[in-house]
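I have a structure here, written as structure tokens, and I will follow up with some questions on it.
Coordinate-derived values only; no laboratory data. None of these values were measured; they are calculated from a predicted model. Cβ placement follows ideal geometry from the backbone for every residue including glycine, while neighbour counts extend to all protein chains displayed.
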Amino acid sequence: MLLKGKKVLVTGGERGIGRKIALTAAEEGADVIVTGILEAEMAETTKMVQALGVKAYMAKMDITNYEEAEKTIQNLAGQTGGIDVLVNNAGIFQEAFFVDMTPAQWHKTVSVDLDGVYNVTHAAIPYLMESKGSVISISSVDAFQGCVGYAHYAACKAAIVGLSRTLAKELGGSVRFNCVAPGIIQTDMTKDRIERDLDTYLAKLPVGRVGLPEDIANAVVFLASDRASNITGQVIHCNGGMYFG
Ligand SMILES: NC(=O)c1ccc[n+]([C@@H]2O[C@H](COP(=O)([O-])OP(=O)(O)OC[C@H]3O[C@@H](n4cnc5c(N)ncnc54)[C@H](O)[C@@H]3O)[C@@H](O)[C@H]2O)c1
């Protein structure tokens, strides 16, 4: 069991990739803290985690609100006795072509996809330093090759790589920081695009299939585990070969 005894906090753990990360961490023996904004889906993930025989905790946490993140994480750390792994997974992906993009559209994406990572990471840092823990943030292939109609999203996903690499240097003695950069993964976020453009995606995917949430969860669990104890400041490209890093 790769994560036995670790306490893993996942943002956006309600569904999709976040839910699979929560379940895979639980299968590897971790106690899991599921956070998000969708109460019913969060409760469902929490029940699924408990069914795997580990402890599960759940808390509403809108990552765009620093005070809420700080208070929630403080409460959770009090309940669980600490945090060993933070997975910055929550994100939004909302189309807006740059010439037409309003300041409101830009700031909405930045508030979740970048400010949210700052808010939660900053609030969790004291606990992660104490546990000598690890942070894994979900970037995207779009950070590296751009994404038409999603300049705000691509900018945020690139920024969190820079953030992780800087923190890997600033806090290298106590906390590891890595990213996983998914390609196209089958979730609620992408199901319409995949249905519409499946052949176009398949033509770009040497492995011959779109990704699944477990592909990302497996990479996250590895980075969170002690097997990755010499890995920090890195990006695992998990994209079926559509981009080689
Ligand atoms: N699906 C893909 O192809 C793909 C590709 C590259 C990167 N990613 C990234 O993977 C992560 C998970 O994506 P997914 O495909 O599972 O999408 P999803 O939409 O299924 O899940 C995103 C989760 O984030 C939560 N969330 C949104 N706003 C929030 C907020 N303000 N506070 C807290 N939680 C919030 C949602 O409730 C949801 O549970 C995202 O960061 C996404 O950008 C996904």
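How many nm is it between the label spots at Tyr66 and Gln145, if each spot is 7 Å from the Cα in line with the beta carbon?
3.6 nm
Under a 5 Å amide H to amide H cut-off, with H placed in plane at 1.01 Å, what residues pair with Cys238 once short-range neighbours are removed?
The answer is Ala181, Gly183.
May I pose another question? Which longest run of the chain has no exposed loop site in it, a site being trypsin sites (Lys or Arg not before Pro) in a DSSP loop with at most 16 other beta carbons within 10 Å, and the site itself not part of the run?
Maximal segment without exposed cleavage sites: 56-131.
Rounded to the nearest 500 deg cm²/dmol, what is the calculated helix-only ellipticity per residue at 222 nm for the chain, with -39500 (n - 2.57) per DSSP H run of length n ≥ 4?
Only helices count here, giving -14500 deg cm²/dmol.
Here is a further query. Residue by residue through the range 85-101, which ³J(HN,Hα) values in whole Hz follow from phi under the Karplus form 6.51 cos²θ - 1.76 cosθ + 1.60 (θ = phi - 60°), with glycine and proline marked x?
Each residue of the range 85-101 in turn: 9, 10, 10, 7, 10, 4, x, 10, 9, 10, 5, 6, 6, 4, 5, 9, 6 Hz.
Would you pull out the residues with amide H under 5 Å of Gly233's amide H, same chain only if 5 or more places away, H placed 1.01 Å from N?
Phe177, Asn178
Each residue of the range 180-190 in order: what ³J(HN,Hα) in whole Hz does its phi give by Karplus 6.51 cos²θ - 1.76 cosθ + 1.60, θ = phi - 60°, with x for Gly and Pro?
10, 10, x, x, 9, 10, 6, 8, 4, 4, 10
So, one more: For the range 7-236, with only Lys/Arg (+1) and Asp/Glu (-1) charged at the beta-carbon, what is the dipole magnitude about the Cα centre, in debye rounded to 20?
480 debye
Let me ask you something else. Can you give me the long-range amide H partners of Ala90? Hydrogens built in the peptide plane at 1.01 Å from N, cutoff under 5 Å, separation of 5 or more residues or another chain.
When sequence neighbours closer than 5 places are left aside, the close amide H contacts are Thr11, Gly12.
Just grab the label-to-label distance for Leu212 and Gln186, each label 7 Å out from Cα along the Cβ direction, in nm (one decimal).
0.7 nm
Using only the alpha-carbon atoms, what does the range 42-140 span along each of its principal axes? Please give whole angstrom values in decreasing order.
49, 29, 23
Assign unit charges at the C-beta atoms only (+1 for Lys and Arg, -1 for Asp and Glu), then state the dipole size of the range 9-80 relative to its Cα centre in Debye, rounded to the nearest 20.
About 180 debye.
Just to check I understand the Karplus step: with θ = phi - 60° and J = 6.51 cos²θ - 1.76 cosθ + 1.60, what whole-Hz values come out for the range 230-245, glycine and proline as x?
9, 10, 8, x, 10, 10, 8, 7, 10, 9, x, x, 6, 8, 9, x
One quarter of the convex hull surface, Cα atoms only: what value does that give for the chain in nm²?
Mean projected area of the Cα convex hull: 12.6 nm².
Also: Which FRET efficiency value, to the nearest 0.05, is calculated for Ala203 and Glu95 with the Förster distance at 30 angstrom and r the Cβ-Cβ distance?
Result of the calculation: an efficiency of 0.90.
Take each complete run of DSSP H in the chain, measure how far its Cα atoms stretch along the helix's own axis, and keep only those covering 15 Å or more with mean Kyte-Doolittle hydropathy at least -0.5; list them.
16-27, 116-131, 151-170, 213-224
Cut-off 10 angstrom, C-alpha nodes, Gaussian network model of the chain. Which of Ser140, Ser111, Ser229 fluctuates the most?
The residue with the greatest mean-square fluctuation here is Ser229.
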